[in-house]
Amino acid sequence: MRLVRIGLALAGCVVFLSSVALSQEASGRFDYLVREDMFKGFEGDIEAFDRAMALCENRLASNPDDAEALVWHGAGLLVRAGAAFRASRASG
């Protein structure tokens, strides 16, 4: 009887976790929205990079504590800082 309860509990956990994962994908996770443009920007596509940064900034304007937007925006700021550093080294 105990094994049946454990089995039912495990099955319930699997169903619950599956439904959570599916609802996240269906809701349009933020990383799915920003990732492609951000990576293109990392490779030098300035227009794509600007789109990704604008998406992050818009998201942060509506929710300043959005962890995903903060992480992507922070990565973008690091890329901008690196580009500015390289530009200053090349000109100076």
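Annotation: of all residues in region 33-59 being at pLDDT 95 or above and among the aromatic types (Phe, Trp, Tyr), the one that is surrounded by the fewest Cβ atoms within 10 Å (Cβ to Cβ) is 39. Within region 31-64, being in contact (Cβ under 8 Å) with a residue 24 or more places away in the chain and either among the aromatic types (Phe, Trp, Tyr) or outside any helix (DSSP H, G or I) (or both) holds for 42, 49. For region 60-79, how many residues meet the condition of being over 14 Å from residue 32 (Cα atoms), surrounded by 13 or more Cβ atoms within 10 Å (Cβ to Cβ) and among the charged types (D, E, K, R)? Final tally of qualifying residues: 1.
The values are calculated or read from the model by the stated rules, or taken from the named source; none is laboratory data. Treat the numbers as computed from the prediction; the structure is a model and nothing was measured. When we count neighbours, we look across all protein chains shown, and the Cβ atoms used for this are built from the backbone with ideal geometry, even at glycine.
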